[in-house]
1. Which residues, counting only those in the range 130-183, are touching a His at 6+ places or on another chain (Cβ under 9 Å) and within 30 Å of Asp77 (Cα to Cα)?
2. Any idea which residue in the range 81-105 is surrounded by the fewest Cβ atoms within 10 Å (Cβ to Cβ), counting only those that are within 8 Å of the ligand (Cβ to nearest atom) and part of a loop (DSSP other than H, G, I, E, B)?
3. Any idea how many residues of the range 1-36 are within 16 Å of Val149 (Cβ to Cβ) and β-branched (Val, Ile, Thr)?
4. Starting from the range 39-54, take each residue that is part of a helix (DSSP H, G or I) and list its partners that are modelled with pLDDT under 90, counting only C-beta distances under 6 angstrom and pairs at least six apart or across chains.
5. For residues that are free of Cβ contacts under 8 Å to residues at least 60 places away in the same chain and away from the ligand (no atom under 15 Å from the Cβ), tally how many sit in the range 27-38.
Amino acid sequence: MLSLYHRIQKIESLQKTVDKEVRQCKSHTGIECLQHCAHCCSYEDITASPAEFLPFAWHAWRLGLLDQWFDELDKHDGTTCAFARLSEGAWGCRIYPARGLICRLFGFSATTDKNGKALFAACHTLRQHKPELVESVNGYLGRGGKIPVIARYYQQLSAIEPALGREMLPINQAIKKAIEIIYFHFSYRECA
Ligand code: SF4
């Protein structure tokens, strides 16, 4: 079995591939989030797997921020993501470069029909306010354009982290679990 470090590298590489496919789709279709939207991060029922936040926790440890992030998650009162900034003048994700797979996929990905054909899973906001952009993505897919398919990426994540990759938890619990795994990994190494 690969070491934790090498599995985390593989998860990061998966995230980079998602980002690349999303960039391609955006550049071919012009689709973009509305300015200062962050609506998707304000959902109360986001689920994620601890595996997709292992890179975040690993980098937090390297930067000496693991305890701080854990305390913030612990104190966070509510079911929205603890890292979402949703107030006027302070929008967005506080851990954007290390955000999870679902954060990268949401709004710019597809499900599939029974024949395996990609179906754009547009977010509610874009469907409502920018239907022409949603149509432009549908046209792009019809011409054979690529967009990340959610289930395929989670399959790949599970292939890297068989147990953790399949475990879907409320997002704050998933991040906390990833932090605990990294914490115990390094505590054990220091004691060994
Ligand atoms: S980690 Fe960042 S991108 Fe993901 S839901 Fe939380 S605030 Fe949004």
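The values are calculated or read from the model by the stated rules, or taken from the named source; none is laboratory data. All values derive from a computational prediction rather than experimental measurement. Ideal geometry is used to build each Cβ from the backbone, glycine not excepted, and the neighbour counts take in all protein chains shown.
1. Asn172
2. Arg94
3. 3
4. These pairs meet every condition: Ser42/Leu86.
5. First pass over the range 27-38, keeping only residues free of Cβ contacts under 8 Å to residues at least 60 places away in the same chain: 27, 35-36, 38.
Subsequent filtering for residues that are away from the ligand (no atom under 15 Å from the Cβ) retains 27, 35.
The number of residues fulfilling the criteria is 2.
Okay, residues lined up against (1) within 11 Å of the ligand (Cβ to nearest atom); (2) assigned to a loop (DSSP other than H, G, I, E, B); (3) buried (at least 19 other Cβ atoms within 10 Å of the Cβ); (4) free of Cβ contacts under 8 Å to residues at least 40 places away in the same chain:
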residue: Phe56; (1), (2), (3), (4): yes, no, yes, no
residue: Ala60; (1), (2), (3), (4): no, no, yes, no
residue: Gly64; (1), (2), (3), (4): no, yes, no, yes
residue: Asp67; (1), (2), (3), (4): no, no, no, yes
residue: Asp71; (1), (2), (3), (4): no, no, no, yes
residue: Gly107; (1), (2), (3), (4): yes, yes, yes, no
residue: Thr111; (1), (2), (3), (4): no, no, no, no
